[in-house]
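Taking it in order: structure first as structure tokens, then the write-up.
The values are calculated or read from the model by the stated rules, or taken from the named source; none is laboratory data. All figures in this text were calculated on a predicted structure; none of them were measured in a lab. Cβ placement follows ideal geometry from the backbone for every residue including glycine, while neighbour counts extend to all protein chains displayed.
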């Protein structure tokens, strides 16, 4: 049998640790220093992140072909329980490192222009540094406790950045909402940690995984047997706790990755600066949930995975529907992000580990690209605002025909949008296709009611293409609507293309959204990403484990592949066509669009209000909480306080009795003691008369007395 | 002739060769001697502005010594008998010497930060004596031969006498005189006892088998008499009862940096000698545990109770050091590997606390010109940071968590408890009870300083400038380990556990 302390023993010294420390220290340095250097803070922070990107690329090139290097050390021990820290540099971590740092650098660069006139920009760049530091912590650590710590740090920096313009009431409310929703999810995370710790007594993922393999199901109980410091430990829990652990950990991801039913915070989070939305609320932090599922993937059992898949599919569909009637360009992108995250989670749920992570990477690129393009539009429109001209630069109703004014932005936006819609030639196609294929195979194997997952997944493809092109037609084609909306006497400055600071990141991300980046292929299986990261095998006891997709006959995939690809391309194209007919310049919806206050009809309403989820929370759950709070307050005031008051009164009476006893009996004793102590002190001190002869006499007298006493 | 007796088989030539081969092992001691000589030469060559050069040489010498000791830590695989049976170099010795040189460095820093800086660095004489004292303590950690014991103790003592009286004032001279006379008597008693032991055994090497065989032939009464007299000399350096009476006067009169050295280095060095000495005594032969137990109990009690009534902080700390000598003896009393580890741990922590306390007291002394408790009135609100540091040190001296002083007391008493459970000797449990009781008593006078600082308002509105930023940083560096080693005491314990104790 295996000893836990052998699994989590300290590894030999590896100079790689210095690189890891550097990776995390540099963004942290940016966080600590930017406050002091107000003027050059943006350039300084960007430079630091650039260095970080170079380090990640260097590490990636060094460790690309290795199977994963792990570094572990002792953090502290309590009794014989050791808490360790550990890092794992495997391909997944390397890819995430490069992606996070790459997008972070681009966002820093973009922000140099975007935040140029903001007086708090040093704080802004500091917070970006804090965020990057925390995100890298999640990626690098291979220990659930540390992942949780950095998970919370990420949540904090997200909170601070959403509420960056905290003078705006809506921004601070949105920040609170994000924080609270994430907290609900984190409750699940902690529960998961507690279950795993009580079973395995370690947070180290390597330890957890090794012990999960060795655990077994006996009579419906989940039993883990191992040695710890040479003593046999046998922990037994009801088998359902195994599923519960996975589901509880998944709750953390539900909060962070904005999954149903906690997804309502993400659209509100768009109150933050747009580059932040690109970095945190599209590309990286929200993907941390998916990354975390990937880290714990192998210890999820069949039931937990089913929950994951169902939640993912529902989220993908709901958010896609919500996206198609929004007016705010960032809201559209926010819902689209939720929807795409739903795809990733769905992929994880059906066991398509690689496909989910692949979509994470491609989505990070094209969604960041979309956000930065939208940011450019917002930034340029914002320049037009003046004394008499007030409008919301994020509202698509003021846009239109921007293709003529901002051609580069249009091209970038279009490329990223095509990737989002999942059309061939763009990265989104490869990854989304892989997810759909794996889902289809999984549903075929499962059968029964699980077909609704497949239906939702494919419906989402159609809606995605629809809302994407609705956005493109509304923003870039037709006439510029703003001049008609402003007072007639006001003169409008000409709308210009963004400068190089804005263009470069957009262009790079648009290039990153082309499928050739991942290989000259139409099949996800042939990309280098798939060669690098393979689906792992589930480690939970056999009776609880889900089936591995790779165990299914390969022909199933072959047979379905063509069909799935055709259907998804067909659906995407139909979405495009519907959008074209509804929103092309001069079409019915397009013409009345600018005057509309909110969408009409049941579907439009449901979509615009995101299935009334917010209203449900406010009207039902919040009300229930307030109601029960009142009840509890009453109980507290009347029953508890009454009881305490009674005790207090009783105590006062009793205290008087004690006081008498204390004053007369105890104090008397204490006075006696101090008096005696004082006397003894006087006595011992009185030897010190200051006369040296007397000193020597005294010392010798003591010595002789001692001798006499000892010897006779 | 005496020396040759134990090594009759070796020719003189071989002996000299052996001795010169051993010199390499004494590199730290030689560094100290060379530094002292350099100081002397520098003093003779340059006429003016000598203080910078002297300080630089002193610091360099002490730092190099520390470096040599740290480097030597890894090299020592087994105990080495050096210099033809005069001294034994082992892990304990190196550990203590390293700590002594750290103490020496802190002492030098204290001299630099003192208001009387000029006096210390005016010429080389203070530093010369200071290095002599440190050299003496180094030797005391290693000696196994009575003659060498005497030489080492006297080296320390004579340097101490002169250092006490160096700043020519009536008070200093008087204290130095008292110290000298008292020390002379203690030495006389000790060497008288040693001469008896030599008479019994015919050897000066108390670790040799000849010594063990020799004393087993002697009747208990004369043997006890000789042993107690010998131990009396060690107790004098340890500053424990009944040879403790000199310390308050000396501490009060001497400059604070010197007191800080007096109250730590020689004490721990004496403890090392005591350890080696009692290790060579068979408990079945003489009940030395009873003697040391009585000395420990008496020291703790006398020190703590006398400290209660002191009006001067330095005098109070003098009594406190007497009490701590008693606590250190408890570690010897336990006489086990864990006892020795915990005594060394206690000693190390004591050294740190002691330097911290005197350093901070010096800051206040320099400001007010006196060290009575009244000088501390209301200082807490004026210099809150240093006040808190002093509070930390005082809590640590009392031995309360969360300071390392607590761990030190905890380890030393738990090892005493273990020994008691094995041996069941009643003096051990008495020492245990008195130790705990005294810890409570000590709370009263240690917390008196923070009490005066934070709860008593100052009468006169003196614009006090106590300690600049450098002092605050230095104070923090001295105090931080006390907190740190409470939480991470295993760092130091791991070092101590790697020492191979020869019991």
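Brief remarks follow.
- Failed criterion for residue B:221 (all others in (1) more than 8 Å from chain A (Cβ to nearest Cβ); (2) part of a helix (DSSP H, G or I); (3) touching a helix residue (DSSP H, G or I) at 6+ places or on another chain (Cβ under 8 Å); (4) free of Cβ contacts under 8 Å to residues at least 60 places away in the same chain hold): (1)
One line per residue, one yes/no per condition, for (1) in contact with a helix residue (DSSP H, G or I) (Cβ under 6 Å, 6 or more places away or on another chain); (2) closer than 30 Å to residue A:82 by Cβ:
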residue	(1), (2)
A:1	no, yes
A:8	yes, yes
A:11	no, yes
A:16	no, yes
A:27	yes, yes
A:30	yes, no
A:38	yes, no
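- Some residue of the range B:490-500 being out of contact with any strand residue (DSSP E or B) (no Cβ under 6 Å at 6 or more places or on another chain), modelled with pLDDT of 85 or more and over 17 Å from residue B:410 (Cβ atoms): no
- Condition check for residue B:289: at negative phi, surrounded by fewer than 24 Cβ atoms within 10 Å (Cβ to Cβ) and not in a helix (DSSP H, G or I): no
- Verdict on residue A:25 being outside the structural domain of residue A:535 (by TED's automatic domain parsing) and within 28 Å of residue A:379 (Cα to Cα): no
- For the range B:224-255, a residue qualifies if it is over 25 Å from residue B:175 (Cα atoms) and within 9 Å of chain A (Cβ to nearest Cβ), and the qualifying residues are B:224, B:225, B:228.
- Some residue of the range B:53-73 being at pLDDT below 90 and in contact with a strand residue (DSSP E or B) (Cβ under 9 Å, 6 or more places away or on another chain): yes
- Selection from the range B:299-314 of residues that are surrounded by fewer than 24 Cβ atoms within 10 Å (Cβ to Cβ), at the interface with chain A (Cβ under 9 Å from one of its Cβ atoms) and within 19 Å of residue B:253 (Cα to Cα): B:309, B:310
- Test: residue in the range A:91-114 that is closer than 30 Å to residue A:167 by Cα, in contact (Cβ under 8 Å) with a residue 24 or more places away in the chain, outside any helix (DSSP H, G or I) and not assigned by TED's automatic domain parsing to the domain that holds residue A:380: no
- Note on the range B:410-424: residues that are surrounded by fewer than 24 Cβ atoms within 10 Å (Cβ to Cβ) and closer than 16 Å to residue B:487 by Cβ amount to 1.
Per-residue answers, yes or no, for (1) modelled with pLDDT of 85 or more; (2) touching a helix residue (DSSP H, G or I) at 6+ places or on another chain (Cβ under 9 Å); (3) surrounded by 12 or more Cβ atoms within 10 Å (Cβ to Cβ):
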{"site": "A:571", "(1), (2), (3)": "yes, yes, yes"}
{"site": "A:586", "(1), (2), (3)": "no, no, no"}
{"site": "A:601", "(1), (2), (3)": "no, no, no"}
{"site": "A:617", "(1), (2), (3)": "yes, no, yes"}
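- The single residue among B:189, B:162 that is without any contact (Cβ under 8 Å) to a residue 40 or more places away in the chain and either more than 14 Å from chain A (Cβ to nearest Cβ) or within 26 Å of residue B:248 (Cβ to Cβ) (or both) turns out to be B:162.
- In the set B:296, B:323, B:260, B:318, only one residue is within 14 Å of chain A (Cβ to nearest Cβ), within 19 Å of residue B:390 (Cα to Cα), surrounded by 24 or more Cβ atoms within 10 Å (Cβ to Cβ) and touching a residue at least 12 places away in the same chain (Cβ under 8 Å); that residue is B:318.
- Residues in the range B:192-218 that are more than 14 Å from chain A (Cβ to nearest Cβ) and either in a helix (DSSP H, G or I) or touching a strand residue (DSSP E or B) at 6+ places or on another chain (Cβ under 6 Å) (or both): 17 in all.
- Of the residues screened, residue B:125 is not one that is within 14 Å of chain A (Cβ to nearest Cβ), surrounded by fewer than 23 Cβ atoms within 10 Å (Cβ to Cβ) and touching a residue at least 40 places away in the same chain (Cβ under 8 Å).
- Selection from the range A:658-679 of residues that are over 23 Å from residue B:441 (Cβ atoms) and either within 14 Å of another protein chain (Cβ to nearest Cβ) or under 60 Å from the mean Cα position of the chain (by Cα) (or both): A:658, A:659
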